[in-house]
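The values are calculated or read from the model by the stated rules, or taken from the named source; none is laboratory data. Everything quoted here is computed from the prediction, not taken from an experiment. Note: ideal-geometry Cβ built from the backbone for every residue, glycine included; neighbour counts use all protein chains shown. Side chains included, ligands, DNA and RNA excluded: accessible areas come from the protein's heavy atoms. Shrake-Rupley method; radii C 1.70, N 1.55, O 1.52, S 1.80 Å.
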Amino acid sequence: MKKIITLALTLAALAAGATVTTPAAATTAAIPKGFLLYEKDAAKKDNDPETNWKVGNSAKVKLAVNPCDRSTLAATGRVAARTVTFTGVPDFMKVEQVILYGSRASAVSAVAQVRAALTRCGARTDSGSSYRYASSRLTGVGDEALRISGQVYYAGKAGVGGDRSVLVRKGNAVLVYLWAGEYARPAKSDWTVQLRDARKMTAKICDIAACG
């Protein structure tokens, strides 16, 4: 279960606003307040002790999709970022993350690093269980996009516990929509909301990103 614990710690770090080290970049690039899809929900008063919203503005935040759980993944060249995280008891989390890079080339490199991490850390085994990542290319969304699943398996059979995400690059921007919770074997419907949200954000990201 080591992989599941690692995933939980990674997502918890996002919820707590943990940051990672990345080279500083002098730029006027910024993400306007309220630009992300879930910022309005995050701003509402929440009296439920079992749910929590968190908004972080650090460009050094750990990438939400992180198969190898490395703080440096896709960190180089960032100039602005915002991460909205929702957590719910007992084990549900959704993350909306928008990152701007100093150049299109840096954003392209970031996605390439994610692809490499999915290959390098595609499966981890511990005490009879494994956590496996799988990805597929998405078309018609941004300049390039991936649909990604992480899933726990016991003796080759899917168990309860996984994450589903959509990652999109448009120009010099990278966006991630991730849900984590009590998933079973991956099904196409698992990405319905994440893909809808990714399309909404992609449709307006060029208001702040260099897409030309």
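When the Karplus curve 6.51 cos²θ - 1.76 cosθ + 1.60 is applied with θ = phi - 60°, which whole-Hz ³J(HN,Hα) does each residue of region 79-96 get, with x for Gly and Pro?
Coupling constants for region 79-96: 10, 6, 7, 9, 10, 10, 10, 10, 10, x, 5, x, 8, 9, 8, 10, 10, 10 Hz.
Quickly estimate the mean residue ellipticity at 222 nm for the chain, helices only: each DSSP H run with n ≥ 4 gives -39500 (n - 2.57), and the total goes over all residues, rounded to 500.
Rounded to the nearest 500, it is -7000 deg cm²/dmol.
Which of LYS40/LYS94; LYS62/LYS157; LYS94/LYS200; LYS45/LYS200; LYS62/LYS200 have a Cα-Cα distance over 20 Å?
LYS62/LYS157; LYS45/LYS200; LYS62/LYS200
I'd like the carbon and sulfur percentage of the solvent accessible area for the chain, probe radius 1.4 Å, heavy atoms only, ligands and nucleic acids excluded.
Here carbon and sulfur together make up 53 percent of the probe-accessible area.
Can you figure out the FRET efficiency of GLU182 with ALA43, using R₀ = 25 Å and their beta-carbon distance, to the nearest 0.05?
Values: r = 28 Å, r/R0 = 1.11.
Computed FRET efficiency for GLU182 and ALA43 comes out at 0.35.
Tabulate in residue order the Karplus-calculated ³J(HN,Hα) for region 152-161, using 6.51 cos²θ - 1.76 cosθ + 1.60 with θ = phi - 60°, rounded to whole Hz; enter x for Gly and Pro.
7, 10, 10, 6, x, 10, 4, x, 7, x
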